[in-house]
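Novice: I have a structure I would like to understand better, so I am pasting it below and will then ask my questions one at a time.
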Amino acid sequence: MEQATKMLNALNELSDAEWEKQSEVVGKKADEIYKDAGTYFEQALKIQPENTDPMTILFQIYSKLKMTEQAEAMNKKLVEKLGPNWMDN
């Protein structure tokens, strides 16, 4: 996931013209990395279903990938476990 974040940060530092050329390719690669990472955190959550760390990371991944339904489900679990202001922590 860190690699995807670095790729997206580097993309944001490009000129507008370069950003236009690179954004689709870099964005797709970053999405692939996030999807791959998501499978590992989903497995971690299966092993430790009460652990909020993988829930938080999955919420972030689902949000980045615009997987709204999954992000909302993870948010609901986090609210149940950590309270409505869990993002503030």
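The values are calculated or read from the model by the stated rules, or taken from the named source; none is laboratory data. A quick note: this is a predicted structure, and the numbers were derived from the prediction, not measured. Methodologically, a virtual Cβ is constructed for each residue, glycine included, from the backbone with ideal geometry; neighbour enumeration extends over all protein chains shown. Just so you know, the surface numbers come from the protein's heavy atoms only, side chains and all, with ligands and any DNA or RNA stripped out. Shrake-Rupley method; radii C 1.70, N 1.55, O 1.52, S 1.80 Å.
Novice: If I ask for residues that are open to solvent by less than 100 Å² (accessible area, probe 1.4 Å), within 25 Å of Ala4 (Cα to Cα) and not in a helix (DSSP H, G or I), which ones from segment 64-89 would you list?
Specialist: Passing the criteria: Leu65, Met67.
Novice: Look through Ile61, Ile33 and report the one residue that is surrounded by 11 or more Cβ atoms within 10 Å (Cβ to Cβ) and in contact (Cβ under 8 Å) with a residue 40 or more places away in the chain.
Specialist: Every option except Ile61 fails the conditions.
Novice: A further question follows. If you take the residues of segment 2-19 that are of a type in the set (D, E, K, R), in a helix (DSSP H, G or I) and open to solvent by 100 Å² or more (accessible area, probe 1.4 Å), which of them is farthest from Ser63 (Cα to Cα)?
Specialist: Among residues in segment 2-19 that are of a type in the set (D, E, K, R), in a helix (DSSP H, G or I) and open to solvent by 100 Å² or more (accessible area, probe 1.4 Å), the one farthest from Ser63 (Cα to Cα) is Asp16.
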